[in-house]
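Chemist: Shown below is the structure under consideration.
The values are calculated or read from the model by the stated rules, or taken from the named source; none is laboratory data. Note that the structure is predicted; figures quoted are calculated from it, not measured. No Cβ is skipped: glycine too gets one built from the backbone with ideal geometry, and neighbour counts run over all protein chains shown.
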Amino acid sequence: MSDDVRQHLLLARESSELALGHINAALEAMDGPVSPGDVISVGPSDNLLSVLEQAPAGATVAIDPAYNQTLQWWEITKPVTITSSVPFKGQRIAPDAVAPTITGFLTIACPDVNLSSVRLAGFHPDGTLVTVGERTTLDRMICMGSPDGQHRGVMANAAGVVLTRCHIGNIWKDQDTQAICGTTGTKNLRVDDCHLEASGENVLFGGDDNASESLTPQDILITNSYLFKPPEWRDKPGCTCKNLYELKAAFRAVLRGCKLENSWVGGQGGEAIVLTVRNQDGGSPWNSIDDCVIEDCNMLNIGAGVNILGRDYRFPSKVMTNLMLRRLMFENIDPWAFGGTGRQIFISGGPKNLSIEDCSFKGQHLNSFLSFDQPEHLLEGFVYRRNYAQEGEYGIVGTSAPSLGTAALEMYAPGYTWADVTIQKTAGYHIDYPEGTTLIGE
């Protein structure tokens, strides 16, 4: 990756963060006390929908923690703040915390709605707990699927949405379940310090065709969050695992400082991260994954590491450009324990300006640390440096490559940059690697 490209990527990341910086003051204000003189109070037996209908725009509605009502399908149509009369303090809250409970599926049909310190629960597995509107803020919310699971936690197809200190759990019904999903119109999304639990893709952006490129999910920042699949969901009827973080179409999406835990073979190959450009049904040829960053994250208990596809092979798409993976730690990659290929990084479709730096890959029974496919699409501007990896059985391997190691790398990524790479020998035979490689255990 050239210095010009690197600077462009860093500036894109910084612009994403600056665009989201305005929400900090509002979140700090939510930590303040709720004054009885400034709010409309809702008791355990009150009709919340009637209160909301009569409340003026901009009102604060404070709900008694003993409130427990089933509203099934309900809607917010004016800017309001809804909170517990005894709001939570501090950081991420526990799923069993005492909070007013509303059972049903919420649609926010207007901008500038704030919800804090309330539990939203599913009453049926086939549905989305919260469909947000423009500039929705969810702070210290508990969003729990029904006893029979849930299809989705939050659908974030809007601009300026903020989720902080939330717990989204029990999202496991059927395939393609997500704690957070954004497919069209997602813009300036911030997620911080959240527990995100889902069986399919814990977090997914892209996946639908859009009317224009401007509706592609963009300017996304996810930080300090826990993307988790409970081990007891493995082999659970009606529960299909795919991955922990997936991009199909996104511009300037950043995942930073997060922990991603548990991914096994199910609907996909057990990867922690899937970054595959998709023009889903053929109507969005502008789809790509551009200027995206994953950094300072830990991945644990997985069947494979990262699957990267630079372009859609079914329908026309743009080529993935400027993807940076850095300071990532992959631990306990084990296809014997979790199924999957045991590939640390799998790359196909010829992405442009892919950089993998300062990463560590550890596990057992591994296939390779770099694996390539689709020789008709070569990588341009590939950078691999200051990484630690285990060799696996094949080291560097590519479909139709003349041999393992350097030959496969030169075939698929001509002009690559390679430096300060440490490889733990496990293959049991010699594989040639480029200059700048240190082999240990040989």
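Chemist: Is there a residue being under 19 Å from K173 (Cα atoms) and aliphatic (A, V, I, L, M) anywhere in segment 227-240? Outline the logic, then answer.
Modeler: Keep residues of segment 227-240 that are under 19 Å from K173 (Cα atoms), which gives 227-240.
Add one more test, that the residue is aliphatic (A, V, I, L, M), and what stays is 227.
Within segment 227-240 (the criterion being under 19 Å from K173 (Cα atoms) and aliphatic (A, V, I, L, M)), the answer is yes, since at least one residue qualifies.
Chemist: How about segment 376-387: which of its residues are in contact with a Phe, Trp or Tyr (Cβ under 7 Å, 6 or more places away or on another chain) and surrounded by fewer than 19 Cβ atoms within 10 Å (Cβ to Cβ)?
Modeler: L378, R385
Chemist: Okay, next question. Restricting the search to segment 359-390, which residues are farther than 28 Å from D290 by Cα and either in a loop (DSSP other than H, G, I, E, B) or in contact with a Pro (Cβ under 6 Å, 6 or more places away or on another chain) (or both)?
Modeler: The answer is Q364, H365, L366, N367.
Chemist: What about G182, is it among the small types (G, A, S), under 24 Å from T136 (Cα atoms) and surrounded by 24 or more Cβ atoms within 10 Å (Cβ to Cβ)? Show your work before the answer.
Modeler: Values: among the small types (G, A, S): yes; under 24 Å from T136 (Cα atoms): yes; surrounded by 24 or more Cβ atoms within 10 Å (Cβ to Cβ): yes.
Answer is yes for this residue.
Chemist: Going by the conditions given, is I289 under 24 Å from V383 (Cα atoms) and either at pLDDT 95 or above or among the charged types (D, E, K, R) (or both)? Break it down stepwise before answering.
Modeler: Values: under 24 Å from V383 (Cα atoms): yes; either at pLDDT 95 or above or among the charged types (D, E, K, R) (or both): yes.
Yes.
Chemist: Just need a number here: residues in segment 130-148 that are buried (at least 22 other Cβ atoms within 10 Å of the Cβ) and outside any loop (DSSP other than H, G, I, E, B).
Modeler: 7
Chemist: Let me ask something additional. Considering only segment 57-64, I want to know if a residue exists there that is farther than 30 Å from K187 by Cα and modelled with pLDDT under 95. Don't jump to the end; show me each part of the working.
Modeler: Filtering segment 57-64 for residues farther than 30 Å from K187 by Cα gives 63-64.
Checking which are modelled with pLDDT under 95 leaves us with none.
No: zero hits.
Chemist: Just to verify a result, which residue in segment 90-113, among those that are among the polar types (S, T, N, Q) and either surrounded by 14 or more Cβ atoms within 10 Å (Cβ to Cβ) or in contact with a Gly (Cβ under 7 Å, 6 or more places away or on another chain) (or both), is nearest to S45 (Cα to Cα)? Spell out how you get there, then give the answer.
Modeler: Within segment 90-113, the subset among the polar types (S, T, N, Q) is 91, 101, 103, 107.
Those still in the list that are either surrounded by 14 or more Cβ atoms within 10 Å (Cβ to Cβ) or in contact with a Gly (Cβ under 7 Å, 6 or more places away or on another chain) (or both) too: 101, 103, 107.
On the way: T101: 12, T103: 15, T107: 23 Å.
By that ranking, first place goes to T101.
Chemist: Residue check: is I333 in contact (Cβ under 8 Å) with a residue 60 or more places away in the chain and buried (at least 24 other Cβ atoms within 10 Å of the Cβ)? Outline the logic, then answer.
Modeler: Values: in contact (Cβ under 8 Å) with a residue 60 or more places away in the chain: no; buried (at least 24 other Cβ atoms within 10 Å of the Cβ): yes.
Judged against the criteria, I333 is not a match.
Chemist: From the list I356, I347, pick out the single residue that is in contact (Cβ under 8 Å) with a residue 40 or more places away in the chain and either part of a helix (DSSP H, G or I) or in contact with a Phe, Trp or Tyr (Cβ under 9 Å, 6 or more places away or on another chain) (or both).
Modeler: Details: I356 fails: in contact (Cβ under 8 Å) with a residue 40 or more places away in the chain.
Only one candidate qualifies: I347.
Chemist: Out of E393, E435, E410, report the one residue that is surrounded by fewer than 19 Cβ atoms within 10 Å (Cβ to Cβ), modelled with pLDDT of 95 or more, in a helix (DSSP H, G or I) and among the acidic types (D, E). Give the derivation first.
Modeler: Working: E393 fails: in a helix (DSSP H, G or I); E435 fails: in a helix (DSSP H, G or I).
None of the others qualify; the one that does is E410.
Chemist: A further question on this structure: Filter segment 164-191 down to residues that are in a loop (DSSP other than H, G, I, E, B), under 28 Å from F315 (Cα atoms) and out of contact with any helix residue (DSSP H, G or I) (no Cβ under 7 Å at 6 or more places or on another chain), then give me how many there are.
Modeler: Initially, segment 164-191 is screened for residues in a loop (DSSP other than H, G, I, E, B), giving 165-166, 172-173, 175-177, 183-186.
Now narrow it down to the ones that are under 28 Å from F315 (Cα atoms): 175-177, 183-186.
Right, trim to out of contact with any helix residue (DSSP H, G or I) (no Cβ under 7 Å at 6 or more places or on another chain) and you get 175-177, 183, 186.
Here the count works out to 5.
Chemist: Can you name the number of the only condition in (1) farther than 25 Å from N367 by Cβ; (2) in contact with a His (Cβ under 6 Å, 6 or more places away or on another chain) that S288 fails?
Modeler: With (1) farther than 25 Å from N367 by Cβ; (2) in contact with a His (Cβ under 6 Å, 6 or more places away or on another chain) applied to S288, the lone miss is (2).
Chemist: I would also like to ask the following. Which one of the conditions (1) more than 23 Å from L189 (Cα to Cα); (2) assigned to a strand (DSSP E or B) does T107 fail to meet, given that it meets all the rest?
Modeler: (1)
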